Amino acid sequence: MNNRAEERRKQVLRATLQAICDKGFSAVTLQDIADYADVSKGVISYYFKNKEDVFYHLLEWMTDRIFQSEYAAIQKESNAIDKMRAYVNAAFKNPEDNRIFYRVYLEFLAQVNQNERFREVNNTFYKNCWFIGSEIIQKGKSEGIFTNVEIESGSHMIRALIDGCLLQWLMRDDETLHSYYRDNCYETIITYLNNKKS
């Protein structure tokens, strides 16, 4: 796909993200997506098979972007503690982006049991998240910290704490608490990693 076509496709996905955020998963139509993207329905049909296909590619695009951003953030740091801080900071990107992502992501999660394609994307996303956590824990072990943490369960717990804190923040509906939840999330993860008993 050439650059122009790829950019047009991303334009449709960004529009779909905003449409779902505004209207909700079930209410969004192909016409809504076209209107939000400022294109004709024919353009949507050129790039995607149907509405479900647009939604599938949106979920894939959203979750891959998050993984790439979070993984790039930890690569900039040299030790495990700084990598963990970078991971949490990247996950708590900013209030607006976090609000949009989780509002839409929760809509997708409600569909996962009925949609095998959505379930596969979600599974891939969490495997990628656990990969990041595993890399940080392994780095910590090589530095003589996080010594009592089992890598697989520890990586699962790291992401559970990140998602849990972000969801708590979202439910509070108070943008000013974003940094509070970010900082507490980081401190809780570090305490867990340093004190976990095998």
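The values are calculated or read from the model by the stated rules, or taken from the named source; none is laboratory data. If you're wondering where the values come from, they're calculated on a predicted model, not measured in any experiment. No Cβ is skipped: glycine too gets one built from the backbone with ideal geometry, and neighbour counts run over all protein chains shown. Note: areas computed on protein heavy atoms with side chains; ligands, DNA, RNA excluded. Shrake-Rupley method; radii C 1.70, N 1.55, O 1.52, S 1.80 Å.
Considering every residue within segment 150-163, establish whether at least one is closer than 20 Å to T176 by Cα and open to solvent by 60 Å² or more (accessible area, probe 1.4 Å).
no
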Extreme residue, most open to solvent (accessible area, probe 1.4 Å), among residues of segment 10-19 that are aliphatic (A, V, I, L, M) and within 16 Å of the chain's Cα centre (by Cα): L17
Scope segment 43-60; condition over 20 Å from the mean Cα position of the chain (by Cα), β-branched (V, I, T) and under 16 Å from V121 (Cβ atoms); matching residues: none
